[in-house]
Amino acid sequence: YRWYILKARLILNIGDAKLWDNFWQGLKLEFQEDLQLRFCKALSLLQKGRAEMALIELQSLEKVGLQSPTLYQEMGHALFLASQWDAADQQFNRALALNNEYSPALNGKAQVAFAKGAYDDFEMYANQALSLKMHQPHLHYLWALHYHQKGEADSCRKALQLCLQMAPKHQKALILREDL
């Protein structure tokens, strides 16, 4: 059983959708009903850009009693990808209610604030998230974009450089770098 969990997580880290589908189809039904493997299935749906289907799977896990900051953060992520920012923010709040130092949920709140143009909130949540976990390339990209919008070229370049050191193939950061 633990081997299946490990294999599921490794496949998710690789990000190979076809490999995931083959893995999932090869599982016995009893394993497909396991909460951890179903959570991994929801994450694979998110990776495939199928946020609505991932949200349905995550909500079904909540209905059977699963509660965790990770579950609520991923529900928030799915809602964010579906441009349901207020609902996403509520899920990030639920994650933080269980663990007020859960960096991924603070990151999510920062992204929601940025998307809504609430830049003071963005700065607050982004700083809190980064103080807990520095390696968050997309958050550094958002800082770079924020500084770019404010006309602070030096700060923009520094945030962009940090993002690209962590994630050299970050597409949005590479495009922003070309625009500078």
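Going by the conditions given, is R38 surrounded by 15 or more Cβ atoms within 10 Å (Cβ to Cβ) and free of Cβ contacts under 8 Å to residues at least 24 places away in the same chain?
The answer is yes for R38.
Of the conditions (1) open to solvent by 20 Å² or more (accessible area, probe 1.4 Å); (2) closer than 30 Å to A113 by Cβ; (3) not aromatic (F, W, Y), Q25 satisfies every one except a single condition; which number is it?
Unmet condition: (2).
Keeping to the stretch 13-22, report how many residues are open to solvent by less than 40 Å² (accessible area, probe 1.4 Å) and under 18 Å from L81 (Cα atoms).
Qualifying residue count, the stretch 13-22: 0.
For A113, all conditions in the list (1) on the phi > 0 side of the Ramachandran plot; (2) buried (at least 16 other Cβ atoms within 10 Å of the Cβ) hold save one; what is the number of the exception?
For A113, the exception is condition (1).
Can you say whether A88 is in contact with a His (Cβ under 9 Å, 6 or more places away or on another chain), under 19 Å from D34 (Cβ atoms) and buried (at least 20 other Cβ atoms within 10 Å of the Cβ), as far as the supplied structure shows? Show your work before the answer.
On the way: in contact with a His (Cβ under 9 Å, 6 or more places away or on another chain): yes; under 19 Å from D34 (Cβ atoms): no; buried (at least 20 other Cβ atoms within 10 Å of the Cβ): yes.
Judged against the criteria, A88 is not a match.
Tell me the helices (runs of 4 or more DSSP H) entirely within the stretch 34-130 that contain at least 3 residues that are of a type outside the set (D, E), farther than 26 Å from I11 by Cα and touching a Cys at 6+ places or on another chain (Cβ under 9 Å).
In the stretch 34-130, no matching helices (runs of 4 or more DSSP H) lie anywhere.
Would you check which residues across the stretch 41-68 are under 22 Å from N100 (Cβ atoms) and surrounded by 14 or more Cβ atoms within 10 Å (Cβ to Cβ) and list them?
L58, E62, L66, S68
Would you please name the residue that is most open to solvent (accessible area, probe 1.4 Å), looking only at residues in the stretch 128-159 that are in contact with a helix residue (DSSP H, G or I) (Cβ under 8 Å, 6 or more places away or on another chain) and of a type in the set (S, T, N, Q)?
Checking each candidate, the answer is Q128.
Does E33 qualify as being open to solvent by 40 Å² or more (accessible area, probe 1.4 Å), over 26 Å from K133 (Cα atoms) and not basic (K, R)?
Considered against the rule, which asks whether it is open to solvent by 40 Å² or more (accessible area, probe 1.4 Å), over 26 Å from K133 (Cα atoms) and not basic (K, R), E33 comes out as yes.
Does any residue of the stretch 69-82 turn out to be open to solvent by 50 Å² or more (accessible area, probe 1.4 Å) and over 13 Å from the mean Cα position of the chain (by Cα)?
Within the stretch 69-82 (the criterion being open to solvent by 50 Å² or more (accessible area, probe 1.4 Å) and over 13 Å from the mean Cα position of the chain (by Cα)), the answer is no, since none of the residues qualifies.
Is it true that Y125 is of a type in the set (S, T, Y), buried (at least 18 other Cβ atoms within 10 Å of the Cβ) and more than 22 Å from D179 (Cα to Cα)?
yes
Quick one: L176 ticks every box in (1) touching a Ser or Thr at 6+ places or on another chain (Cβ under 9 Å); (2) at pLDDT below 95; (3) of a type in the set (A, V, I, L, M) except a single one, so which number is it?
Among (1) touching a Ser or Thr at 6+ places or on another chain (Cβ under 9 Å); (2) at pLDDT below 95; (3) of a type in the set (A, V, I, L, M), L176 violates only (1).
Could you figure out which of (1) surrounded by 14 or more Cβ atoms within 10 Å (Cβ to Cβ); (2) out of contact with any Pro (no Cβ under 6 Å at 6 or more places or on another chain); (3) closer than 22 Å to H135 by Cα isn't true of L10?
Of everything listed in (1) surrounded by 14 or more Cβ atoms within 10 Å (Cβ to Cβ); (2) out of contact with any Pro (no Cβ under 6 Å at 6 or more places or on another chain); (3) closer than 22 Å to H135 by Cα, L10 misses just condition (1).
The values are calculated or read from the model by the stated rules, or taken from the named source; none is laboratory data. Remember, predicted model here, so these are calculated numbers, not experimental data. Please note: Cβ atoms are built from the backbone with ideal geometry, for glycine as well, and neighbour counts cover all protein chains shown. The protein model used for the area step is the full one, side chains on, heavy atoms only, and it has no ligands, DNA or RNA in it. Shrake-Rupley method; radii C 1.70, N 1.55, O 1.52, S 1.80 Å.
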